[in-house]
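Notes for the one structure printed next.
Where a number appears in this text, it was derived from the coordinates with a stated rule and is not lab data. Since the model is a prediction, treat every value here as computed from it, not as a measurement. Note: ideal-geometry Cβ built from the backbone for every residue, glycine included; neighbour counts use all protein chains shown.
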Amino acid sequence: MSELVSIALFLASVTLYSWKAGRNAWWFSATLAVLGLFVVLNLTLYASNYFTGDGINDAVLYTLTNSLTGAGFGKYLLPGAGLILTLVLVFGGLGWLLRRRRRPHHFGYSLLALCLALASVDASPAFRQLTELVKSQARDGDPDFAAWYKEPSKTIPHPQLNLVYIYGESLERTYFNNDAFPDLAPEMNKLRSESVDFSHTMQLPGTDYTIAGMVASQCGIPLFAPFEGNASASVSSFFPQNVCLGDILKNSGYQNYFMQGANLRFAGKDVFLRSHGFDHLYGSEELKSVVADPTYRNDWGFYDDTVLDEVWQKYEELSKSGQRFSLFTLTVDTHHPDGFVSRTCQRKKYEIGGKVNQSFSAVSCSQEHIAALIEKIKASPYFKNTVIVVSSDHLAMKNTAWDYLNKQDRNNLFMIIRGDKPQQEVVGVKRSSLDNGATVLDILGGDNYLGLGRSSLSGQSLAEVFLNMKEKVLAWKPDIIRLWNFPKSIKDYTIDSQKNMIAFSGSHFRLPLLLRVSDKRVEPLPESEYSAPLRFQLAGFAPRDNFMWIDRCYKMGQLWSPALALSTDWCVSSGQLGGEQKVEHVNQPQWKGKAAFKETVIDVARYQHNVDTLKIVDNDIRYKADSFIFNVAGAPEEVKQFSGISRPELWGRWSNAQLGDAVKIEYKDPLPARFDLIITARAFGQNADKPVPVRVGDSEQTLTLSHEITTTTLHFDNPTGSRLLTIVPPAPQATNEGNILGHAPRRLGIGMVEIKIVKSEG
C-alpha cells in the first residue's frame, strides 16, 4: 500500500509543480533533487530485489561497501545498462516536465510541490528499508546475548581427522528433492543417502550471501557489520574478537587451505579467512599459474571442474605429507542469475515445464563435479582419516529457478560423510547454518558449541530454543556489530611500516588510510580500487573536521612539508584543513604516535588553498628537483606535460602503451643545444635486450635495457631547440602484473626510475 501512496505523491508533486509553480531556479533544483532521490531509491530497491528477492538488506549494503574486485559482472551488464538508461531518461523527463510551462513563480504551489515530493520519499518502501537498517545499528541490543553466545576452547585435545569442507554456491537442499525435480542430482542424492543428512537447516538474517554464510558456518554468528567499518580495503581484521573454526583448527596443528575459482578479494573473503586461521588461500589470481588451461573461465573465475580437480590434487598432496589439514573449497557455477555449465559435465541441460532452465542445468552439472570429487576421496586410502562436509553457502538468490524453489519447503544443504565412522541417517532437527561449525567441531573432537551455534549431534540448536529465531537474531544485531570492536576514539596508535598497518583502540587497518575524527566517532576512509584517492576524499572535509591521514610522505609533503616532498616513506598528517596541519615522518619499523587535535582559528583562505591543492590531479603536480623522479606523483617544475606513463610505484613508473604509443615528456623551455640524458631504468618482459629509440628533435639514440635497473648516459645534439623527449618501447606487453585489482591490464614496456638532463659544455 505504501508503494502506491508514494507513487501517487510523486505524481502529484510533478503535476502540481509543472502546472502551477512557475519558473524559479532554486525551487526547481530542490524539487528535482528530491524527486530524483525518489527515483534513485526505487531503482535501487528494484535492483536489490533482483538479487535478494528481499529488497535492500544487510547483504546489499555490505556488498556495496566492500571490495567488488572479481565480481562476475558479465551477466549483469545488460540489466545495469537498462537501469542507467532508465535513470537518464527519467531525470531528463522530470527536468522537461518541471520547466515546460512559462509562468510567474508561485511560492505556495512550489512549497506544496516540494512537500509532496518529500512525502513521496518518506512513504517509499526503499526509504523505509534503509531507515530501518540504520536504526537497527543504533539500538541497544538484547541483554541475553552474552548468555547465549558461547566461546569454545581454542584447541581440539587430540585431533585425529582431516577435514574437507565443500561450500556449494547457492546449492540448497531443495534442489535435491527428487519428487519436485526428478533426476536433477542423481550423483549427489546417492551420496546424500550414504551420509548424515540434516534436512531442516533454516536461513537466518545475516547468513544469506556467500561471505555471510561462511562467517555463520565457521564462527557461529551472522554477518552484521558497521557500515563504516566493513570495507576490506581498510579493515585488516574480521570479527577480531571471535574464535572461529579456522582459529581452533590452526591452534590444534591443522594447516588450513581454501580454494575457489573466483577472486578472493570479493566481499573481503581474503580478510576473513586470513583473520581466522587460514594461511593458504587460492583464488582466481593464485590458480591461473597452476591450472592446465588459464583461459577456460566464466564471468566469476575458473569453472568448478577446474577448481575441484585442483582440490583433489591438493587433498592427495596433503594426505601423503602426513600433516593434519583442513581443505575448504567454494564452487561458483551455480551463481545467480542462472549459473554456468562447464564443458566436462555429462548433462548439459535440464528441462522443467517443457523448457531448458539454465539454473537447474548449472545445478545438475556442478553437483556432478562435487560428487566426482567425493567419490575420488572415498576411493583413496586416506578416506578413513577424513570427514567430508557438503553445505550450501546460502539459499539460492532470485535466479531463474526461483519460482520453482519457492513452491517447496526451502532449506540449506548440510551433509557429513565420515571415513572413520560411516553413518547413514536423516537428521530432522530444526537448526540453522549457525550450527554447522559447532557440529563439525564436535565431530573432530572439540566442543559442541561455537558462538551462537550448537552441535546438531549432541546439543540443541537455538533455532529450537526460540520460537522466532529470525526476530531473535535481529534483536542481537547491535550486540553482534559490537564484536567487531570498532573504535570510537583514537589516542595512542602504532604504525607497522613493514606490514603497512596501523593499530589503535584494539583494531587494525591497512595503509594508506584517512580518518575523520570526532569526539565520539572515528570514521576510516580507505583507498581501494573503487574509491577516490585519499587526498580527493580529504578535499571533501569541512574546515573544522579533524583528520589523520597516513600515506606516502610525498603526497602530503607537497602541501605541508617540502622537505618530505620526494620521500616514499610513510608519514602521518593531522589537523584541520581550515586550521593547522602537521606532518610526522614514520622513521621506525614500529612507530608509535599520539593523536591530539588543537582548537585553532579557522582561516577560510587557507582552507580553500588546501582544498584546491588536494584536488590537483597527479600529472599536474610539480616539484622542485633537478631530475624527473618517477616514484612520486607529478614531475619537476621544468616539465610542461607528459604522457604514456603509468602511476607511481615505490620503485618508479612503467611506460604504458594504453596511455600513449610512446613516453613523451615536453619541457617548458628548449632543451640545451648539447646535453647528456642520464636514464635509470629497466625493461619489462620481451622489451629486454631490444633497442629502445630515444628521440630529441631530429636526433635519435638507442637504449638497451635488461630486467635489472641500470643507468645509461646518452649524448644528444639539439640544434633546433626541441622541447620534446620521446622514448618508444619496442614491445609493449599486456599484463596484470603489479596492477590495481579490478583494473584493465596495462601494456608495459620499460620501467623508469629517474631521467636527468645535464647540459654539456662546448
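Structure above, values below:
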quantity	calculated
Residues in segment 137-176 that a label on SER505 would reach, taking backbone N under 20 Å of a point 7 Å out along Cα→Cβ	137-141
Relative contact order of segment 492-616, defined on C-alpha pairs under 8 angstrom at six or more residues apart (%)	25 percent
Computed lengthening from VAL517 to SER760, 0.36 nm per intervening residue step minus Cα-Cα distance	82.1 nm
Inter-label distance for ASP279 and VAL601, nm, one decimal - labels placed 7 Å from Cα along Cα-to-Cβ	5.9 nm
Cysteines (scope the chain) whose Cβ has no counterpart Cys Cβ under 4.7 Å	CYS115
On Cα atoms only, tilt of 604-614 relative to the major axis of the chain in degrees	80 degrees
Pairwise centroid distance, computed over Cα atoms, of segment 175-227 with segment 423-469, Å	13 Å
Antiparallel DSSP beta bridges within the chain, as percent of all bridges there, nearest 5	75 percent
Exceeding the 29 Å Cα-Cα cut-off - candidates LYS594/LYS756; LYS349/LYS384; LYS594/LYS640; LYS190/LYS349; LYS150/LYS499	LYS594/LYS756; LYS349/LYS384; LYS594/LYS640; LYS150/LYS499
Added length on full extension, which subtracts the Cα-Cα distance from 0.36 nm per residue, LEU467 to GLU316	49.9 nm
Relative contact order of the chain, pairs being alpha-carbon contacts under 8 Å that are 6 or more residues apart, as %	12 percent
Helix 358-379 axis, angle to the chain major axis (alpha carbon atoms, nearest 10°)	70 degrees
Entries in LYS488/LYS624; LYS269/LYS378; LYS269/LYS355; LYS314/LYS355 that, when Cα-Cα distance is taken, lie over 31 Å	LYS488/LYS624; LYS269/LYS355; LYS314/LYS355
Correct choice for mean projected area of the Cα convex hull in nm² that was computed from the model, options [x] 35.2; [y] 40.2; [z] 51.0	[y]
Area projected by the alpha carbon convex hull of segment 684-749, averaged over all directions, nm²	5.4 nm²
Cβ-Cβ FRET estimate between ALA731 and TYR46, R0 fixed at 30 Å, reported to 0.05	0.05
Computed FRET value (nearest 0.05) for ALA147 with ASN251, which takes r as the C-beta separation and R₀ as 22 Å	0.30
Gain in span if fully extended, SER380 to ASP293, counting 0.36 nm per residue against the direct Cα distance	28.7 nm
LYS20 versus THR155: modelled label distance in nm, points set 7 Å from Cα along the beta carbon direction	7.8 nm
Per-q log10 I(q)/I(0), segment 492-616, q = 0.09, 0.20 Å⁻¹ (Debye; single scatterer per alpha-carbon; no solvent)	-0.22, -1.21
Principal-axis tilt of helix 304-321 within the chain, Cα atoms, nearest 10 degrees	80 degrees
